[in-house]
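Before any comments, here is the structure.
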Amino acid sequence: MKSYTEYFWFNTQKRIEYIRITDKVREVVKKSGIKEGFALVSAMHITAGVFVNDNESGFLNDLDEMLERLAPMNAHYHHHHTGEDNGYAHLRNILVHHQVIVPVTNGDLDLGPWQEIFYAEFDGQRRKRLIVKVIGE
Amino acid sequence: MKSYTEYFWFNTQKRIEYIRITDKVREVVKKSGIKEGFALVSAMHITAGVFVNDNESGFLNDLDEMLERLAPMNAHYHHHHTGEDNGYAHLRNILVHHQVIVPVTNGDLDLGPWQEIFYAEFDGQRRKRLIVKVIGE
Amino acid sequence: MKSYTEYFWFNTQKRIEYIRITDKVREVVKKSGIKEGFALVSAMHITAGVFVNDNESGFLNDLDEMLERLAPMNAHYHHHHTGEDNGYAHLRNILVHHQVIVPVTNGDLDLGPWQEIFYAEFDGQRRKRLIVKVIGE
């Protein structure tokens, strides 16, 4: 079994951003030399997420609006008693989930026709990290 | 390390369907010959999901009603400006998540008493694909 | 490739509890002797979840309140026609997701600064089980 690990750093301009990272993940898989296995793509912060969906700006707006409905940015959160103001971002991390596994087949990401990998920044404008770890052979 | 991959196709009669696939996934694991490892079960479309829960029709109705509350089929979505009408299905893919990992122990799915694997079709009536990839030894 | 599996049992005092299990998972990884790989942490019941987030009581309250909004304990659920009264717990299992993969690097959990692993009991006061399975080398 082989394994290969890389970390990506993000520092977004806006507080909330959805960033397509499919090509960066593919590059890590190519570098790993792994032909058959799993690539884990996982946020290392508790106010960010990772998901697979459509690279279409309308959908990304819809996602943002749904998350604002389910976990509004300006609600009163118990978490804010710590001095933080990002309670919504913790909840969105839970709803979106912070990781995906991408199957690796024949040395490439085994994704369907419209599947793109996104890093979801829910509380940015500071340095945050993501791990890509590939295992297989 | 060994790996083994199969793809399933679905073409549902209704637009939304929840299909139990535990036995099909178990068969793939048996064919793989893998005794200890992970089976990834992952939708290859952005309007479908995969989950593990109860094979009980009342629960499946409850899930359907919750998803209709959180991401209604007939709401106005930005995504529909592309000509699509499946914005709700993209959002449900995010909420339900599009994949699970089933642990493989002693050559079989290592599931708890009531755990069943489901493919969740949110925008069917056309051919859609799912990957089952097993790695281990 | 190596693999190592342990099961944890929980029997919570309250019906709903969020229990930090980072140290227990780390111990399993140490025992496995695996240096590079994945640790799957997965609930074996359909009314429990596993998530990674902040060990901060305010956030845990916020999560609880959001889940009560999205899947209220005392709503009418179809699932209750079976005689059960835990429909909300099935839905929360879906929303929170029942598993995470923790990357293992240099023989330890490869977690970010505030990431802690939690077992989310949604219908406790009885014995329930979780699997931790590590694969790698």
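Every number here is computed from the coordinates shown, using simple stated rules; none is lab data. Quick caveat: nothing in here was measured; it's all calculated off a predicted structure. Please note: Cβ atoms are built from the backbone with ideal geometry, for glycine as well, and neighbour counts cover all protein chains shown.
Of B:Asn55, B:Asn74, B:Asn11, which is the most mobile in a GNM of chain B whose springs link Cα atoms less than 10 angstrom apart?
B:Asn74
Within the range A:1-80, how many Lys pairs that are eight or more residues apart, or on different chains, come under 21 Å at the alpha-carbon?
Values: A:Lys2/A:Lys24; A:Lys2/A:Lys30; A:Lys2/A:Lys31; A:Lys2/A:Lys35; A:Lys14/A:Lys24; A:Lys24/A:Lys35.
Lysine pairs meeting the criterion: 6.
Among B:His45, B:His76, B:His90, determine the one that fluctuates most according to a GNM of chain B built with springs between C-alpha atoms less than 10 Å apart.
B:His76
Most fluctuating residue of A:Phe118, A:Phe38, A:Phe59 in a GNM of chain A with Cα springs under 10 Å: which is it?
In this elastic network of chain A, the residue with the biggest mean-square fluctuation among A:Phe118, A:Phe38, A:Phe59 is A:Phe59.
Give the residue from C:Ile19, C:Ser42, C:Ser57 lying farthest towards the positive end of the charge dipole for the range C:5-72; charges sit on Cβ (+1 for Lys and Arg, -1 for Asp and Glu) and the dipole is referred to the Cα centre.
With unit charges placed on the Cβ atoms, the residue in question is C:Ser42.
When N counts the residues of the range A:73-137, how does its alpha-carbon radius of gyration compare numerically with 2.2 N^0.38 Å, as a ratio? Could the numbers behind the result be given before it?
Working: Rg = 16.4 Å, N = 65, 2.2 N^0.38 = 10.7 Å.
Working it through for the range A:73-137, the quotient is 1.52.
What is the dipole size for the range B:11-94, taken about its Cα centre, with +1 at each Lys and Arg Cβ and -1 at each Asp and Glu Cβ, in debye to the nearest 20?
420
How far is the Cα center of the range B:1-44 from the Cα center of the range B:56-71, in Å?
23
State to the nearest 20 debye the size of the charge dipole of the range C:1-56 about its Cα centre, where the only charges are +1 on K and R beta carbons and -1 on D and E beta carbons. The partial results should precede the final answer.
Numbers: 9 positive and 7 negative charges, 39 e Å.
Its charge dipole is roughly 180 debye.
At a threshold of 8 angstrom on Cα-Cα distance, excluding pairs fewer than six apart, so keeping six or more, what relative contact order does the range C:23-129 reach in percent?
Values: 156 pairs, mean separation 50.5, N = 107.
Contact order relative to length: 47 percent.
Using unit Cβ charges (K, R positive; D, E negative) and no other charged atoms, how large, in debye to the nearest 20, is the dipole of the protein assembly as shown about its Cα centre?
Values: 48 positive and 57 negative charges, 248 e Å.
The dipole magnitude comes to about 1200 debye.
Take the protein assembly as shown, drop everything but the C-alpha atoms, weight them equally and run the Debye formula without solvent; then report log10 I(q)/I(0) at 0.06, 0.07, 0.09, 0.12 Å⁻¹ to two decimals.
-0.21, -0.28, -0.48, -0.92
Rank B:Gly107, C:Ile101, A:Pro113 by how far each Cα sits towards the positive end of the charge dipole of the protein assembly as shown (+1 on Lys, Arg Cβ; -1 on Asp, Glu Cβ) and give me just the farthest.
Final value for the positive-end residue is B:Gly107.
Cross-link candidates for B:Lys128: which aspartates and glutamates have Cα within less than 13 Å, leaving aside residues fewer than 8 places away along the same chain?
B:Glu17
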